[in-house]
Amino acid sequence: MLGDIVERCRERNVLKIFNTAGSFEENFKVLKTASAFNGIVYPVLGLSPHSVDLADLDLKLEEVLKLIDKERPAAIGEIGLDFHFDYDKEAQLKVFESQLQLAQTLDIPVVVHSRDAERECLQKMVDFKVRGVFHFFLVPDLVDEVKGKFLISLPTIKSKRREKIIKKMGLEGVVCETDSPFAWSGVNEPCNVVEVYDKLASTLHLSSEVVQEKVMANVKSFFRV
Ligand SMILES: [Zn+2]
């Protein structure tokens, strides 16, 4: 099953997959998958803002920080702030800041979830001087402030805001994602990322090959893989 997913990526020339922990438990799954598909699947470890409801949050955070220090993943994520839902803001800030601090210390980039908290996340990323990518970013009004400082990851979601961002960003500082299994009619999977390449290509009047090559170059220099 996982092997089939990776194979479909290879068939479409999608050769770097960043498998990101979305919950405490997923950190361990992510590590297993990355070691099973070494060289194509990379681990992204972290404690997301949706984890602040955990009863033993401090212990879990400590465990994740230790795991990151030991494993040195490709990135720390997804971490950030989510003001869309009613998660405790103070707890979110504590969890985010302690992982930003570790990212700075270890010089590992961060994959940031910033739903309805984009400006707050941006400020924290600037404060901690990290290398960062805004995942699932759809705020055209903030592009000018992000551009040149952080990367933007465009999702597989057809939206006018995505198109506006593409026009403002061009290919510089852009990477592509699926947010699998979300953001698709049905279950999303990593090979569908070619939809974003095609959208970049049609919007910028470039070939999909040129887009894919530049995005890969962005990925390699950002994640250092
Ligand atoms: Zn997210």
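The values are calculated or read from the model by the stated rules, or taken from the named source; none is laboratory data. Just so it is clear, the structure is predicted and the values come from calculations on it, not from any experiment. Glycine also receives a Cβ, built like all others from the backbone with ideal geometry; neighbour counts cover every protein chain displayed. With ligands, DNA and RNA removed, areas are computed over all heavy atoms of the protein, side chains included. Shrake-Rupley method; radii C 1.70, N 1.55, O 1.52, S 1.80 Å.
Counting only residues 5 or more places away or on other chains, whose amide H sits under 5 Å from the amide H of E177 once H atoms are built in the peptide plane?
Close amide H contacts, sequence-distant or interchain: L154, T156.
Which of G186, G77, G148 ends up with the largest GNM mean-square fluctuation for the chain, with Cα atoms connected below 10 Å?
The residue with the greatest mean-square fluctuation here is G186.
Angle between the Cα long axis of helix 160-169 and the longest principal axis of the chain, 0 to 90 degrees, nearest 10?
With rounding to tens, the tilt is 80 degrees.
Tell me, what is the per residue accessible area of the chain in Å², probe radius 1.4 Å?
For the chain, the per-residue accessible area is 49 Å².
Hey, with R₀ at 35 Å, roughly what FRET efficiency would H205 and I5 work out to, going by the Cβ-Cβ distance, to 0.05? Intermediate results must be reported in sequence, preceding the final value.
Working: r = 32 Å, r/R0 = 0.90.
With a Förster radius of 35 Å, E is 0.65.
Which residue, A74, A183, A55, has the most motion in a Gaussian network model of the chain that connects Cα atoms within less than 10 Å?
A55
Length gain on complete extension for the stretch R161 to E213, per 0.36 nm per residue less the alpha carbon to alpha carbon distance?
16.3 nm
Mind checking segment 66-120 for chymotrypsin sites (Phe, Trp or Tyr not before Pro) that DSSP puts in a loop (not H, G, I, E or B) and that have at most 12 other Cβ atoms within 10 Å?
When the chymotrypsin sites (Phe, Trp or Tyr not before Pro) of segment 66-120 are filtered for loop state and at most 12 Cβ neighbours within 10 Å, F85 remain.
Considering the options V6, L61, Q99, tell which one lies farthest towards the positive end of the dipole of the chain, charges being +1 on Lys and Arg and -1 on Asp and Glu at the Cβ, about the Cα centre.
The Cα lying farthest towards the positive end belongs to V6.
Counting Lys +1, Arg +1, Asp -1, Glu -1, what net charge surrounds V187 among other residues with beta carbon under 14 Å of its beta carbon?
My count for the surroundings of V187 gives -2.
Which angle between 0 and 90 degrees, to the nearest 10, do you get for helix 2-11 versus the longest principal axis of the chain when only C-alpha atoms count?
Helix 2-11 sits roughly 30 degrees off the main axis of the chain.
Largest first and in whole Å, give the semi-axes of the chain's equivalent ellipsoid, each being the square root of 5 times a Cα gyration tensor eigenvalue.
26, 21, 16
For K160, go through the lysines and keep the ones whose alpha-carbon is under 20 Å away, minus same-chain ones fewer than eight residues off.
K147, K168, K199
What does the charge count around I108 come to, taking other residues whose C-beta lies under 11 Å from its C-beta (Lys +1, Arg +1, Asp -1, Glu -1)?
0
If R₀ is 22 angstrom, what is the calculated FRET efficiency for the pair D107 and K149, using the beta carbon separation as r and rounding to 0.05?
On the way: r = 16 Å, r/R0 = 0.75.
Using R0 = 22 Å, I get an efficiency of 0.85.
Decide, for segment 94-215, between rounded, prolate and oblate: order the square roots of the alpha carbon gyration tensor eigenvalues as a ≥ b ≥ c, take rounded if a/c falls under 1.5, and otherwise choose prolate if a/b is larger than b/c, else oblate.
Verdict is prolate for segment 94-215.
Could you sort out which of K66/K94; K94/K220; K164/K214; K94/K124; K16/K124 sit more than 22 Å apart by Cα distance in this structure?
Numbers: K66/K94 16 Å; K94/K220 30 Å; K164/K214 19 Å; K94/K124 11 Å; K16/K124 28 Å.
Pairs exceeding the cut-off: K94/K220; K16/K124.
With a cap of 14 neighbouring Cβ atoms within 10 Å, and only residues DSSP puts in a loop, list the GluC sites (Glu not before Pro) found in segment 125-225.
E172
Could you derive backbone 3J(HN,Hα) for segment 173-186 from the dihedral phi with the Karplus parameters 6.51, -1.76 and 1.60 (θ = phi - 60°), listing whole Hz in sequence and x where the residue is Gly or Pro?
x, 10, 10, 10, 8, 10, 6, 3, x, 8, 6, 7, 7, x
With θ set to phi - 60° and the Karplus curve 6.51 cos²θ - 1.76 cosθ + 1.60, what are the ³J(HN,Hα) couplings of segment 51-68 in order, to the nearest whole Hz, using x for Gly and Pro?
Listing the rounded values in order: 8, 5, 7, 4, 4, 9, 4, 4, 5, 5, 4, 4, 5, 5, 4, 5, 4, 4 Hz.
Calculate one ³J(HN,Hα) per residue across segment 89-100 by plugging θ = phi - 60° into the Karplus curve 6.51 cos²θ - 1.76 cosθ + 1.60, and present them in order as whole Hz with x for glycine and proline.
Karplus values, whole Hz, x for Gly and Pro: 5, 5, 5, 4, 4, 4, 5, 5, 5, 5, 7, 5.
Amide H of V110 versus every other amide H placed in the peptide plane: which residues, excluding those fewer than 5 positions away on the same chain, fall under 5 Å?
Residues meeting the amide H criterion: I76, R131, G132, V133.
Once amide H atoms are built 1.01 Å from N in the peptide plane, which residues 5 or more positions from F182, or in another chain, come under 5 Å H to H?
So F182 has HN proximity to N188.
Keeping the other protein chains in place, figure out the carbon and sulfur percent of the accessible area of the chain, with a 1.4 Å probe.
Carbon and sulfur atoms account for 52 percent of the accessible area of the chain.
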